[in-house]
1. Classify region 155-265 from the C-alpha gyration tensor, please: rounded if a/c falls under 1.5, else prolate or oblate depending on whether a/b exceeds b/c.
2. For the chain, set up a GNM with springs between Cα atoms under 10 Å and report which of Q16, Q79, Q211 has the largest fluctuation.
3. What nm value, rounded to one decimal, do you get for the distance between Q211 and Q364 when each label is placed 7 Å out toward the C-beta?
4. Check V369: other-chain or 5+ apart residues with amide H under 5 Å from its amide H, H built from backbone geometry?
5. With 18 Å as the cut-off, how large is the P(r) tail for region 17-77, expressed as percent of Cα-Cα pairs?
6. Extension gain N260-M289, at 0.36 nm per residue separation less the Cα-Cα distance, in nm?
7. Quick check: the angle from helix 154-164's long axis to the longest principal axis of the chain, C-alpha only, nearest 10 degrees?
8. Taking 0.36 nm per intervening residue step and subtracting the Cα-Cα distance, what contour gain separates R272 from R61 on full extension?
Amino acid sequence: MQEELRHQIALTQIPQIGDIVAKKLLAHFGSASDVLNASRKELGNIPDIGTVRADAIFQFRDYRRADKEIDFLEKHNVQAIFYTSTDYPQRLHHCADSPVMLYYKGNTNLNAARIISIIGTRAPGEYGKAMCAELVEALTAHNVVIVSGMAYGIDIIAHKRAVQHHIPTIGVLAHGLDRIYPQQHKSTAIEMINNGGLLTEFLSYTQPDKQHFPMRNRIVAGIADATIVIESGTQGGSMITADIANSYNRDVFAVPGRVNDPHAAGCNELIRTNKAMLITGAADFLQAMGWQTDGNKAATKFNPQKELFITLDDAERHIVTLFSGDAEKHIDELRRESHLPGSQVNALVLKLEMLHVLKSLPGQKYQLVN
């Protein structure tokens, strides 16, 4: 397992290999170790990989950064969550550009039944501050997890109010887990780890550079069922996140404001262009989401198999029929019993994992999801 983690981290560090390409490679080979141990010919035969990327993978030998990160993870009790892990946020599986690796320090289920992202301007007015506080407080009894980006303004208000009302809250960072940015939010971040957590795609000691914030925003948009915008100008991170959420076919909501208030211009624009549904409080939001229940029942793990109508093709169904009840199957058994090429079986198994039909077990074994 340690060697596979080493290869997983290394895969994210190879030049020319982004998240989308990495997923293609995983679909073909089945694991990061198999990708990095593949021959140049095997790599070059994969459609859309090309000789430049194939050479970059084949020639990669420098594992020092991966080894350093593993030491950091162990020292600071940080969980590395790879794309093929059952702990990976299943909602992000349906986002083509989602990170192939996440780093998480916390105790809240990233696949909780109800996850909401609350975002907005870094310089809210009194109206926006009050609306954010009231909204979070009203959600206390509804078993939600609140996600935001740890920024000034609406983000940190949402996090702080969630902490005060014992609502799990997750901060998505635009840097490594060795620091908190802004530094003023460190005390809140520490509290969040005990009821929520901190999540990032960036290795430790990665600076909060400007280009990392839009990358952070796609996680904020993709990990949640819905995004709520509370005060925003017509440009900036909140509008980017709302657009990303729309591209992922997620629900977007916005709190309206006065037509001449620059704090409300972005929210009003989202509503006017039908990119967001107007809400005036938690009751509107809960009704739109169908979440009016009191939330006393324990939240169940998000299960795309129940949430989505899954249509499997013949090859995928063939793999599923090889399983019986709770029986476990090694990947080699599946290759042998399916009479299909090994690379095709790897791709089928990975896709069935993404659809939450199969779950991976230690030792390259798989089992049907109950």
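Quick note: the coordinates plus some simple rules give every number you see, no bench work behind them. Since we're looking at a predicted model, the values are computed, not measured. Cβ atoms come from the backbone with ideal geometry, glycine included; neighbour counts cover every protein chain shown.
1. On the way: a/c = 1.67, a/b = 1.39, b/c = 1.21.
Prolate.
2. Per the Cα network of the chain with a 10 Å cutoff, Q211 tops the list.
3. Label-label distance for Q211 and Q364, simple model: 3.6 nm.
4. The answer is L358, K359.
5. Numbers: 717 of 1830 pairs.
Tail fraction, whole percent: 39.
6. Details: separation 29, 0.36 × 29 = 10.44 nm, distance 2.99 nm.
In short, 7.5 nm is gained.
7. That works out to roughly 90 degrees.
8. Numbers: separation 211, 0.36 × 211 = 75.96 nm, distance 5.29 nm.
Here the answer is 70.7 nm.
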